[in-house]
């Protein structure tokens with residue numbers, strides 16, 4: 001049973017990860033550890049709302065040198081643009097199952113539409129958080145150049161970036 005209400009992300013189970021093919025060899029991966037969001041869940045998909053704020057300063061690739069390079073003006077330019085935001089504009093269901101979330105991604109000072117494909121979505125009662133939880137895995141492939149990040153394209157670093165958003169959010173108790 002779907003329960004309407006405001007759901008707030010669980011920081012232990014919510015991350016934005018990315019992957020980029022590196023010169024046709026390996027996939028370079030990283031994630032943002034500080035992602036905060038709210039989902040206003042309603043029975044009718046047209047009445048649902050969601051917003052996620054991503055702290056780009058929480059970039060974690062496992063390499064301090066690579067973190068510094070990606071944080072520079074050549075990519076995220078975190079001194080000027082410390083955050084990114086995804087605002088859902090439409091929830092698409094098929095047969096009662098969530099299939100896509102359409103929305104706007106603001107990154108690097110620009111906003112463009114992105115469609116997230118729902119790879120799995122579930123609702124459960126969390127014995128740890130002691131509340132109802134909604135969550136899933138959502139994926140999209142974006143072209144980083146749309147947001148003005150074109151460093152390395154002429155050298156062979158691909159434009160395509162795979163985004164994977166892992167999110168779980170707990171229902172907030174009414175006061």
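The values are calculated or read from the model by the stated rules, or taken from the named source; none is laboratory data. Here the structure is a predicted model, which is why all the values come from computation and not from measurement. Quick reminder, even Gly has a Cβ in these numbers, built from the backbone with ideal geometry, and neighbours come from all protein chains shown.
Yes or no, residue by residue, for (1) over 18 Å from residue 28 (Cα atoms); (2) surrounded by fewer than 13 Cβ atoms within 10 Å (Cβ to Cβ); (3) touching a strand residue (DSSP E or B) at 6+ places or on another chain (Cβ under 7 Å); (4) at pLDDT below 95:
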| residue | (1), (2), (3), (4) |
| --- | --- |
| 78 | yes, no, no, no |
| 92 | yes, no, yes, no |
| 108 | yes, no, no, no |
| 113 | yes, yes, yes, no |
| 118 | yes, no, yes, no |
| 125 | yes, yes, yes, no |
| 135 | yes, no, yes, no |
| 162 | no, no, yes, no |
| 167 | yes, no, yes, no |
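Just to verify a result, which residue in region 65-76, among those that are in a loop (DSSP other than H, G, I, E, B) and touching a residue at least 40 places away in the same chain (Cβ under 8 Å), is surrounded by the fewest Cβ atoms within 10 Å (Cβ to Cβ)? My answer is 74. Checking each residue in region 1-23 for being in contact with a strand residue (DSSP E or B) (Cβ under 9 Å, 6 or more places away or on another chain) and not in a strand (DSSP E or B) picks out 1, 2, 3, 4, 10, 11, 12, 13, 14. Restricting attention to region 17-25, does a residue exist that is in contact with a helix residue (DSSP H, G or I) (Cβ under 7 Å, 6 or more places away or on another chain) and under 20 Å from residue 148 (Cβ atoms)? Checked region 17-25: no residue is in contact with a helix residue (DSSP H, G or I) (Cβ under 7 Å, 6 or more places away or on another chain) and under 20 Å from residue 148 (Cβ atoms). Of the residues making up region 137-156, those that are on the phi < 0 side of the Ramachandran plot and in contact with a strand residue (DSSP E or B) (Cβ under 7 Å, 6 or more places away or on another chain) are 137, 138, 139, 140, 141, 142, 143, 144, 146, 147. Scanning region 24-41 for residues that are touching a strand residue (DSSP E or B) at 6+ places or on another chain (Cβ under 8 Å) and part of a loop (DSSP other than H, G, I, E, B) returns 33, 34. Quick check on residue 149: is it closer than 25 Å to residue 26 by Cα and buried (at least 18 other Cβ atoms within 10 Å of the Cβ)? Taking the combined requirement at face value, the residue satisfies it.
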